[in-house]
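Q: Here it is, the structure, as C-alpha cells.
The values are calculated or read from the model by the stated rules, or taken from the named source; none is laboratory data. On a predicted model such as this, the values are computed, not experimentally measured, just so you know. Please note: Cβ atoms are built from the backbone with ideal geometry, for glycine as well, and neighbour counts cover all protein chains shown.
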Amino acid sequence: MTITESDQENIDQPEKPVGQLHLLPHRDNVLRMSEVRMAETANERIVGETDQTMLMNMGPAHPSTHGVLRLMLELDGETVVRSKPIVGYLHTGMEKQAEALTFLQGGTNVTRMDYISPLFTELAFSLAVEELLEIEVPDRAIWIRMLMTELNRIASHLLFMATNGMDLGAVSMMLYGWREREQILRFFEETTGLRMNHNYIRPGGVAADLPDGWQEDVLALTAMLPARLDEYDILMTGQPIWRDRLQGVGLFTADEAIALSTTGPILRSTGVARDLRRDEPYLNYDQVDFDVVVGTFGDCFDRYAIRLNEIRESIRIVNQCVEKMPKGDWRAIDAKVTPPPRVRIDESMEALIHHFKIFTEGFKVPEGEVYAAVESPRGELGCYIVSDGGSKPYRMHVRGPSFINIQTLPHMMAGGLLADGVAILSSADPIMGESDR
C-alpha cells in the first residue's frame, strides 16, 4: 500500500483543490520524541545529572555528510545538545569567477554549483540574463527547458532515495535508486553530450534541439518509473523499521522554517504549500497540471515521503511536456545572443563574423539588475545579476537553497540522539558544491 492510500477517513482534512495541493496522510504511532522536540528549543541545554558534555566532530570527511560538511556536535551521552554546521571546505569562488566570464560563458560556471541538478542553476542564470536583455525565448525552447528540468528533478530525488536508504542501512535502495537514475542520465547524455554539468540551458534558448526519437525515450522512462516507485513503497514506506527510524525524528515547525527562509521539501514538510512553479509560475508551468505535496509533522519521514511523491508529480509534468511540445526554433536566433546555425557559417560572411564575435567578445547586456528564481529539487534557487552594460556580469550572486537549508540542522538535531543525526542530515539533502560555491 502506498502512502497516498492510507486511511484518511478518520481525520478531518481540507478538500484538495485539483492540481494544487497534495496532502500526505496523517500517521499514527509517532514516536514520543516528537513531544520532547516540541517542548525544547534549539537554544536550551539538555543535559543529564552529571552536567558534563562532550564535543565531537562529524565530518568533514564522513561518508554520510553528503560532501565535505563538518558538524560540530555537543553531546550529553547519546543526546545532541547543540550542533553547529561548518561550511567552506569546498569553496570554489564561482560567484567571483562569474565576473571574468562573458554571459555566454557563464553557463559553464553555474552548472557546476549544484552538480546533482545542474540544469536548474543554468535555468535561473539564463532567465536572469534574458530579463535584462528583454528578449523572448521560442515556445519550443520553453517546453524543452521544462522537460529537461523535470527529468533532472526526478534524477535528483532518485539520488536522494538511494543515498537516504544507504545512510539508514537500506543498502538495496542504493542499487535501485542508481538503477533508475542511470536511465535518465543516459537520455541527458544523448541530448546534451554530458551526464552532468551540461551547459545546455543558455541565454536565448538551449544548446541543441532534442535528438531524434526523444519522445519514445522519454515515454519509456515515465512508463517504467511508477512501478519502481511502488517497489520503493514496499521496500521502505511500509517497513516498520524504516518508519520507526524516521517518524518523529528531526522535527521542524513551520514557524522555524519561515524564520530561517527555508524552502523546498523541508518547508513543505511542515505543512506550508510553497512552490514557485505554482505560486510564481515561470516558463509554462501555468499550463500544466500537478499537485504540490505537503507534509504534516515536519519530520524525516515527511521529507522522505514528499520527495517520493514529487517524483510522481514530475512524471505527470513530463508526460504533459511531451504531449504539448510544439515545433519551431529552439533558440532565439534573431536576438544575436546565440551562435548562428552551423550551415550558415559556410554561406554567409555576416554569420561568420557573428560566430567569431560572440565566442570571442560575447554579447552585451543592458545596464541594470535582476533576480530570477526557480523551484529546484532543494527549494528556491535564485540568481541575482548586476550588469554595467558590458559583456560580463558586474556582480552575480546565487541564492543556493542548500546553504539556507543547512541552517535548519541545529534546530532539527537539538534533543535528538546521535544516531538520528545521520537521518536528519540525509533528510536535508544538501549539496555542498552549491552551498560553498
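Q: Based on this model, can you work out whether Gly264 counts as surrounded by fewer than 20 Cβ atoms within 10 Å (Cβ to Cβ), in contact with a Gly (Cβ under 8 Å, 6 or more places away or on another chain) and not hydrophobic (A, V, I, L, M, F, W, C)?
A: No: the conditions fail for Gly264.
Q: Next question, about the same structure. Of (1) part of a helix (DSSP H, G or I); (2) farther than 26 Å from Tyr371 by Cα, Val249 satisfies all except one. Which?
A: With respect to (1) part of a helix (DSSP H, G or I); (2) farther than 26 Å from Tyr371 by Cα, Val249 is out only on (1).
Q: For Ala124, only one of the following conditions fails: (1) surrounded by 22 or more Cβ atoms within 10 Å (Cβ to Cβ); (2) free of Cβ contacts under 8 Å to residues at least 12 places away in the same chain. What is its number?
A: All conditions are met except number (2).
Q: Which residues, counting only those in the range 324-338, are assigned to a loop (DSSP other than H, G, I, E, B), in contact with a Phe, Trp or Tyr (Cβ under 9 Å, 6 or more places away or on another chain) and at pLDDT 90 or above?
A: Met325, Pro326
Q: Hey, does the range 170-178 have a residue that's within 29 Å of Arg303 (Cβ to Cβ), assigned to a loop (DSSP other than H, G, I, E, B) and not acidic (Asp, Glu)?
A: The answer is yes, given that some residue of the range 170-178 is within 29 Å of Arg303 (Cβ to Cβ), assigned to a loop (DSSP other than H, G, I, E, B) and not acidic (Asp, Glu).
Q: Just checking, which of Ile144, Ile154 is β-branched (Val, Ile, Thr), at pLDDT 95 or above and over 21 Å from Ile431 (Cβ atoms)?
A: On the way: Ile154 fails: over 21 Å from Ile431 (Cβ atoms).
The unique qualifying residue is Ile144.
Q: Which of the residues belonging to the range 388-399 are buried (at least 23 other Cβ atoms within 10 Å of the Cβ) and on the phi > 0 side of the Ramachandran plot?
A: none
Q: Which count do you get for residues in the range 351-364 that are in contact with a Lys or Arg (Cβ under 9 Å, 6 or more places away or on another chain) and either of a type in the set (A, V, I, L, M, F, W, C) or at pLDDT 80 or above (or both)?
A: 5
Q: Return only the number of the condition from (1) buried (at least 20 other Cβ atoms within 10 Å of the Cβ); (2) over 24 Å from Ala124 (Cβ atoms) that Ile385 does not satisfy.
A: The number of the failed condition is (2).
Q: Does at least one position in the range 247-254 carry a residue that is surrounded by fewer than 23 Cβ atoms within 10 Å (Cβ to Cβ), within 20 Å of Asp420 (Cα to Cα) and out of contact with any His (no Cβ under 9 Å at 6 or more places or on another chain)?
A: First, the residues of the range 247-254 that are surrounded by fewer than 23 Cβ atoms within 10 Å (Cβ to Cβ): 247, 253-254.
Narrowing the set further to residues that are within 20 Å of Asp420 (Cα to Cα) leaves 247, 253.
Subsequent filtering for residues that are out of contact with any His (no Cβ under 9 Å at 6 or more places or on another chain) retains 247.
Yes, there is a match, as at least one residue in the range 247-254 is surrounded by fewer than 23 Cβ atoms within 10 Å (Cβ to Cβ), within 20 Å of Asp420 (Cα to Cα) and out of contact with any His (no Cβ under 9 Å at 6 or more places or on another chain).
Q: Quick one: in the range 51-106, of everything that is assigned to a loop (DSSP other than H, G, I, E, B), aliphatic (A, V, I, L, M) and in contact with a Ser or Thr (Cβ under 9 Å, 6 or more places away or on another chain), which residue is nearest to Gly165 (Cα to Cα)?
A: The initial filter retains those residues of the range 51-106 that are assigned to a loop (DSSP other than H, G, I, E, B), namely 51-53, 59-69, 77-78, 87-93, 101-105.
Now drop any that are not aliphatic (A, V, I, L, M), which leaves 61, 68-69, 87, 90, 101, 104.
Checking the rest, the ones that are also in contact with a Ser or Thr (Cβ under 9 Å, 6 or more places away or on another chain) come to 69, 87, 90, 101, 104.
On the way: Leu69: 19, Val87: 24, Leu90: 25, Leu101: 40, Leu104: 39 Å.
Checked the range 51-106; the qualifying residue nearest to Gly165 (Cα to Cα) is Leu69.
Q: Restricting the search to the range 344-372, which residues are β-branched (Val, Ile, Thr) and either touching a residue at least 40 places away in the same chain (Cβ under 8 Å) or in a loop (DSSP other than H, G, I, E, B) (or both)?
A: Listed by number, the residues that qualify are Ile358, Val365, Val370.
Q: Here's another thing I want to ask about it. Keeping to the range 188-200, report how many residues are outside any loop (DSSP other than H, G, I, E, B) and either touching a His at 6+ places or on another chain (Cβ under 7 Å) or buried (at least 20 other Cβ atoms within 10 Å of the Cβ) (or both). Please lay out each step first, then the result.
A: If we filter the range 188-200 for residues that are outside any loop (DSSP other than H, G, I, E, B), which is where we start, we get 188-192.
Cutting the leftovers down to either touching a His at 6+ places or on another chain (Cβ under 7 Å) or buried (at least 20 other Cβ atoms within 10 Å of the Cβ) (or both) gives us 188, 191-192.
Residues in the range 188-200 being outside any loop (DSSP other than H, G, I, E, B) and either touching a His at 6+ places or on another chain (Cβ under 7 Å) or buried (at least 20 other Cβ atoms within 10 Å of the Cβ) (or both): 3 in total.
Q: Now a separate question. How about the range 107-116: which of its residues are surrounded by fewer than 16 Cβ atoms within 10 Å (Cβ to Cβ) and in a loop (DSSP other than H, G, I, E, B)?
A: Tyr115
Q: Just to be sure, is Glu380 closer than 29 Å to Arg70 by Cβ and outside any helix (DSSP H, G or I)?
A: yes
Q: To continue, here is another question. I'm checking my understanding of the structure. Among residues of the range 304-351 that are among the acidic types (Asp, Glu) and within 29 Å of Gly379 (Cβ to Cβ), which one is surrounded by the most Cβ atoms within 10 Å (Cβ to Cβ)?
A: Glu310
Q: Provide a single number: the residues in the range 288-308 that are in a helix (DSSP H, G or I) and touching a helix residue (DSSP H, G or I) at 6+ places or on another chain (Cβ under 7 Å).
A: 8
Q: Pull out all pairs, ordered by first then second residue, where Cβ-Cβ is under 6 Å, the residues are six or more apart or on different chains, the first lies in the range 150-164 and is of a type in the set (Lys, Arg), and the second is not in a helix (DSSP H, G or I).
A: Filtered contacts from the range 150-164: Arg153/Pro377.
Q: Right, something else. Take the residues of the range 56-99 that are modelled with pLDDT of 90 or more and closer than 30 Å to Ser387 by Cβ: which is surrounded by the most Cβ atoms within 10 Å (Cβ to Cβ)?
A: The selected residue is Ala98.
Q: Can I ask one more? Within the range 202-215, is there a residue that is surrounded by 20 or more Cβ atoms within 10 Å (Cβ to Cβ), polar (S, T, N, Q) and either in contact with a Phe, Trp or Tyr (Cβ under 9 Å, 6 or more places away or on another chain) or in a helix (DSSP H, G or I) (or both)? Spell out how you get there, then give the answer.
A: The first filter runs over the range 202-215 and keeps only residues surrounded by 20 or more Cβ atoms within 10 Å (Cβ to Cβ), leaving 202-206, 210.
Remaining after also requiring polar (S, T, N, Q): none.
No, the range 202-215 contains no residue that is surrounded by 20 or more Cβ atoms within 10 Å (Cβ to Cβ), polar (S, T, N, Q) and either in contact with a Phe, Trp or Tyr (Cβ under 9 Å, 6 or more places away or on another chain) or in a helix (DSSP H, G or I) (or both).
Q: Mind telling me which of the residues Gly400, Gly382 ends up being under 15 Å from Thr263 (Cα atoms), in contact with a strand residue (DSSP E or B) (Cβ under 6 Å, 6 or more places away or on another chain) and touching a residue at least 12 places away in the same chain (Cβ under 8 Å)?
A: Gly382
Q: How do the pairs read when you match residues in the range 324-343 that are without any contact (Cβ under 8 Å) to a residue 24 or more places away in the chain with residues anywhere that are among the small types (Gly, Ala, Ser) and in a loop (DSSP other than H, G, I, E, B), using Cβ under 8 Å and keeping only pairs 6 or more apart or on different chains?
A: If the second residue must be among the small types (Gly, Ala, Ser) and in a loop (DSSP other than H, G, I, E, B), the pairs left are Pro340/Ser348.
Q: I would also like to ask the following. Any chance the range 85-104 includes a residue that's among the basic types (Lys, Arg) and within 19 Å of the chain's Cα centre (by Cα)?
A: For the range 85-104, residues among the basic types (Lys, Arg) and within 19 Å of the chain's Cα centre (by Cα): absent.
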